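> Before we start, here is the structure in question, set down as structure tokens.
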Amino acid sequence: MDCSGGVVSGWSFDKLQALARWVVNQRGKFGRIDNALDDRKGVVTVEQVETALKAGQAVKRSKKWRKVEECDDEIGQSTGQTLYLGSRQSNTLIRIYDKVLEQRGKGGEGGGPWVRWEMELKDARAHACGLALAHLPEETYRQFVVGLLRSSVDFRDTCREDEAWMRCAAPVLSWWQELTEGFAKARLMVEKARKQIEDVKQWAAHSLGPMLAVLEAAPGAGREFLDVVIAAGKDRWKTRHYDLL
């Protein structure tokens, strides 16, 4: 099931949370979640963010970033500027763009400053974020999302030539502190679910059953061979195997 931004943009937080809880109750998975932070006060422009990126002031997970600009020859001006931090293949992609220009490109007025920061989460990170959406109060979830943004990129008073530890310890740029409202950092933890013995039984029956039957019936193998394999397998147990027991 897909819910596009155009569909859910007008929903209340309670309605979004109700949907997230329904997905959790149905034991569904969140494959992708987009979170947005809108700067409607004109705290920082896309150009200022680009300048900071070029100066090496962005302490971020992704090594690469790119800029895409769209222009309309009929009106003779730019209709879109977007900065991308990360790649389409990664599980975290950040987009920073001028929402006013986007609206003008679609024929709207788009008055006032409006820069949007979007964080696209996919796969396991999206599912973890969806679980947070299903359970956290609105204010806490908002702080959580801003914290996730800052855990992916932080703008600090540093430069590319500084040592890694110096970059991470440098003071936060004032406009970034204001934009993120001083929310504390949060970290999205993704842990693999611990397998239960019933899961392993189902996997063995489905994936190994036919081949085990072949080995039992094959000349030179049989039950005696399988018993030897099982006995030798116990010597190769690791922590995850003991955990199942």
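The values are calculated or read from the model by the stated rules, or taken from the named source; none is laboratory data. The structure displayed is predicted, hence computed values, not measured ones. A quick note on method: Cβ atoms are made from the backbone with ideal geometry, for glycine too, and the neighbour counts reach across all protein chains shown. Ligands, DNA and RNA are excluded from the accessible area calculation, which covers all protein heavy atoms including side chains. Shrake-Rupley method; radii C 1.70, N 1.55, O 1.52, S 1.80 Å.
> When only C-alpha pairs under 8 Å and at least 6 residues apart count, what is the relative contact order of the chain, in percent?
Reported relative contact order: 20 percent.
> Turning to a different aspect of this structure: With a 1.4 Å probe and all protein chains left in place, how much accessible area per residue does the chain have, in Å²?
Heavy-atom accessible area per residue stands at 66 Å².
> Same structure again: With no solvent and one equal point scatterer per Cα, compute the Debye intensity ratio I(q)/I(0) for segment 93-180 at 0.21 Å⁻¹ and report its log10, rounded to two decimals.
Rounded to two decimals, the profile gives -1.09.
> Under 10 Å from the Cβ of LEU173, count the other residues' Cβ atoms, weight Lys and Arg +1, Asp and Glu -1, and hand me the total.
Overall, the nearby charge balance is -2.
> So, one more: Could you give the Stokes-Einstein D for the chain in µm² per second, using the C-alpha Kirkwood radius, 10 °C, 1.306 mPa s?
72
> At a 1.4 Å probe, what is the % contribution of carbon and sulfur to the accessible area of segment 1-87?
It is 46 percent, rounded to a whole number.
> For the peptides 143-152, 172-181, what is the packing order when you average, over each peptide's residues, the other Cβ atoms within 10 Å and list the highest mean first?
143-152, 172-181
> List the residues whose amide H sits under 5 Å from the amide H of GLN81, counting only those 5 or more places along or on another chain, with H placed 1.01 Å from N in the peptide plane.
Those lying under 5 Å, H to H, from GLN81 are GLU70, ASP98.
> With θ set to phi - 60° and the Karplus curve 6.51 cos²θ - 1.76 cosθ + 1.60, what are the ³J(HN,Hα) couplings of segment 17-28 in order, to the nearest whole Hz, using x for Gly and Pro?
5, 4, 5, 4, 5, 4, 4, 5, 5, 7, 6, x
> Calculate the spin-label point distance for GLU138 paired with GLN103, positioning each point 7 Å from the Cα along the beta-carbon direction, and give it in nanometres.
Each label point is offset 7 Å from its Cα along the Cβ direction, giving 2.1 nm.
> Note the angle between two axes, namely the Cα long axis of helix 138-152 and the longest principal axis of the Cα atoms of the chain, as a number of degrees from 0 to 90, rounded to the nearest 10.
So the helix axis and the longest Cα principal axis differ by about 90 degrees.
> Tell me, what HN-Hα J-couplings in whole Hz come from the Karplus equation 6.51 cos²θ - 1.76 cosθ + 1.60 at θ = phi - 60° for each residue of segment 214-223, using x for Gly and Pro?
In residue order, the calculated couplings are 5, 5, 5, 8, 6, x, x, 10, x, 4 Hz.
> Give LYS29/LYS64; LYS29/LYS238; LYS41/LYS99; LYS122/LYS201; LYS201/LYS234 a once-over and call out the pairs whose C-alpha atoms are over 21 Å from each other.
LYS29/LYS64; LYS29/LYS238; LYS122/LYS201, as the Cα separations exceed 21 Å there.
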